[in-house]
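Chemist: Could you have a look at this structure, given as structure tokens, before my questions?
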């Protein structure tokens, strides 16, 4: 596994009230004891949708997911004999790493 070019995890999801009707989803990593912003989304109503929270959690889990897929591909990857039923999963894992890292 190579050194990541992205901000290392773990990342956390935070929701803050900016104004009485304005909220901000904030994905952040902790650096030197303070939150380092990764991305944010401002909305003009109180968030009620489970889908918004699920999306934010998925974004926050990205560094951990990438590291896990890289470890799996390294352990069971190219050159290792795989049953046919697992080859598509390996192809998907390699494609996901390429998409996330532009390798």
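Chemist: Can you tell me which residue within segment 38-78, out of those that are in a strand (DSSP E or B) and at pLDDT 80 or above, is nearest to residue 5 (Cα to Cα)?
Modeler: 38
Chemist: Look through segment 79-99, keep the residues that are in a loop (DSSP other than H, G, I, E, B) and in contact with a helix residue (DSSP H, G or I) (Cβ under 9 Å, 6 or more places away or on another chain), and return whichever of them is modelled with the lowest pLDDT.
Modeler: By that ranking, first place goes to 80.
The values are calculated or read from the model by the stated rules, or taken from the named source; none is laboratory data. Being a predicted model, the structure only gives us computed values, none of them experimental. Every residue, glycine as well, gets a Cβ built from its backbone with ideal geometry; the counts of neighbours run over all protein chains shown.
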